[in-house]
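The values are calculated or read from the model by the stated rules, or taken from the named source; none is laboratory data. Remember, it's a predicted structure, so these values are computed and weren't measured experimentally. In this analysis, Cβ positions are derived from the backbone assuming ideal geometry, glycine residues included, and neighbour counts consider all displayed protein chains.
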Amino acid sequence: MNSQLIPINSLQRHVAALQDALVQAVGDVIASGHFVLGSHVAAFEAEFAAYCGVDHCVGVANGTDALELALKAAGIGAGDKVVVAANAAMYGTTAVLACGAEPVFVDVLPGEATLDPKAIEAVFQNHADERSGAGIKAILVTHLYGRLARMTDICHIARTHGAMIVEDCAQAHGARAGDGRRAGAFGDIASFSFYPTKNLGAIGDGGAIVCNDPVLAMRARQLRQYGWGGKYENALMGGRNSRLDEIQAAMLLVMLPRLDAWNARRRQIARRYFEGIRSDSIELPPVVGEGDVAHLYVVRSDRRTALREHLSAHGIQSDVHYPVPDHRQPCHALRYAHVVLPTTERDAGRVLSLPCFPEMTDDEVSRVIDACSRF
Ligand SMILES: Cc1ncc(COP(=O)(O)O)c(C=O)c1O
């Protein structure tokens with residue numbers, strides 16, 4: 001048996017081919033003497049906005065800030081309700097709570113792991129019936145695992161009920177719908193993370209907010225820098241220091257032109273898994289098209305622990321994204337004990353991520369297929 005470990009991801013391999021360009025770009029920033037909100041951030045913001053097909057991009061410090069500040073820029077605040085999925089590691093829920101708003105958890109579609117439009121419609125009906133004061137103000141859509149959520153249906157529901165859409169695109173850089181629109185261009189405002197393992201990742205932390213509305217963009221720009229309208233003049237409450245720095249922007253400028261090729265390779269690996277893995281004990285996600293950038297290749301099994309052990313014995317790393325749904329996290333105590341989300345809860349005990357990164361060799365992909373098919 002080939003005993004070489006197949007990692008779940010390898011950032012070392014990812015940056016190896018870019019080493020010289022990245023070092024050169026760091027040198028350029030150092031030589032410029034301008035380290036915060038300089039020409040590299042401005043250039044990256046322009047290029048990333050164009051890539052996403054939107055008018056504005058605001059670089060921030062990480063994806064968590066991007067989410068929270070996007071919600072705040074959209075006017076989400078105390079007492080507002082925001083629809084959110086409960087299967088995305090608390091990122092969205094934390095951001096909603098940080099705004100003082102209330103998450104309204106909605107179940108996801110089996111296999112797809114993104115918000116179920118019918119379930120969203122149902123909560124709008126329930127909350128309208130309740131006449132409980134503040135209605136649902138926004139839908140926070142996470143394009144989980146790299147797969148675009150059902151945006152045609154979700155946009156229709158949001159329009160019907162006068163709710164905003166905030167997209168969390170941290171796992172879906174470049175995912176494209178049939179009409180050519182990319183993740184981040186469907187809703188009112190969207191957030192991205194450039195954490196190193198993302199499809200577009202920096203050499204450290206980074207994030208961005210994108211939108212078409214100039215007013216939302218201006219608010220996001222103010223919020224990422226203390227709430228300043230001008231120097232030492234605080235126009236907005238809720239601001240902080242969350243600037244994307246020049247070095248990370250320079251790194252991202254090197255990487256962005258390669259994103260489509262990386263995504264294509266991820267998709268190729270996902271397709272090979274879909275076509276090659278044959279096991280009665282492993283459910284495969286639906287086959288991928290351009291609307292999926294295969295950030296993670298997530299299978300499901302009732303025998304997950306045994307599958308992990310089997311893969312490990314074959315030298316293959318795996319991971320669980322994610323084991324505890326948001327409404328069952330210990331930090332909430334029993335606050336959401338009444339919430340029941342059958343698909344989300346079932347998935348939490350069954351999902352398993354297989355290695356899927358652009359630098360995987362064909363031989364490694366074959367070994368994963370072979371090991372899974374023998375389970
Ligand atoms: C879906 C999602 N949202 C938000 C985040 C937060 O991004 P960051 O780690 O850059 O704060 C992440 C990843 O880490 C994520 O996967």
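Computed values, structure above
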{"quantity": "Where residue 186 falls short, out of the listed (1) within 17 Å of residue 174 (Cβ to Cβ); (2) more than 20 Å from the chain's Cα centre (by Cα); (3) among the hydrophobic types (A, V, I, L, M, F, W, C); (4) assigned to a loop (DSSP other than H, G, I, E, B)", "calculated": "(2)"}
{"quantity": "Every residue from the range 333-351 that is over 15 Å from residue 144 (Cβ atoms) and among the aliphatic types (A, V, I, L, M)", "calculated": "333, 334, 337, 339, 340"}
{"quantity": "The range 73-100: number of residues that are among the small types (Gly, Ala, Ser) and more than 20 Å from residue 240 (Cβ to Cβ)", "calculated": "5"}
{"quantity": "Candidate set: the range 47-71, residues that are more than 16 Å from the ligand (Cβ to nearest atom) and of a type in the set (Asp, Glu); chosen: the one farthest from residue 226 (Cα to Cα)", "calculated": "47"}
{"quantity": "Test: residue in the range 113-129 that is of a type in the set (Lys, Arg), at pLDDT below 95 and outside the structural domain of residue 344 (by TED's automatic domain parsing)", "calculated": "no"}
{"quantity": "Residue selected from the range 294-323 under the condition in contact with a Pro (Cβ under 8 Å, 6 or more places away or on another chain) and part of a loop (DSSP other than H, G, I, E, B), by the criterion surrounded by the fewest Cβ atoms within 10 Å (Cβ to Cβ)", "calculated": "317"}
{"quantity": "Unique residue being at negative phi, surrounded by 14 or more Cβ atoms within 10 Å (Cβ to Cβ) and within 20 Å of the chain's Cα centre (by Cα) when the list is 236, 256", "calculated": "256"}
{"quantity": "Residues (under 16 Å from residue 248 (Cα atoms) and either among the hydrophobic types (A, V, I, L, M, F, W, C) or out of contact with any Gly (no Cβ under 7 Å at 6 or more places or on another chain) (or both)) located in the range 42-56", "calculated": "42, 43, 44, 46, 47, 48"}
{"quantity": "Search result, residues across the range 72-95 that are within 12 Å of the ligand (Cβ to nearest atom) and either not in a loop (DSSP other than H, G, I, E, B) or not assigned by TED's automatic domain parsing to the domain that holds residue 119 (or both)", "calculated": "84, 85, 91, 92, 93, 94, 95"}
{"quantity": "Meets criteria (closer than 23 Å to residue 197 by Cα and assigned to a strand (DSSP E or B)) for residue 287", "calculated": "no"}
{"quantity": "The range 132-172: number of residues that are crowded, with 24+ Cβ neighbours inside 10 Å and among the hydroxyl-bearing types (Ser, Thr, Tyr)", "calculated": "2"}
{"quantity": "Checklist (1) out of contact with any Lys or Arg (no Cβ under 6 Å at 6 or more places or on another chain); (2) within 27 Å of residue 61 (Cα to Cα) applied to residue 176, failing item", "calculated": "(1)"}
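Conditions tested, residue by residue: (1) within 15 Å of the ligand (Cβ to nearest atom); (2) in contact (Cβ under 8 Å) with a residue 24 or more places away in the chain; (3) under 19 Å from residue 166 (Cβ atoms); (4) out of contact with any Pro (no Cβ under 9 Å at 6 or more places or on another chain).
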residue	(1), (2), (3), (4)
185	no, yes, yes, yes
189	yes, yes, yes, yes
194	yes, yes, yes, yes
202	yes, yes, no, no
208	yes, yes, yes, yes
215	no, no, yes, yes
218	no, no, yes, yes
230	no, no, no, yes
233	no, no, no, yes
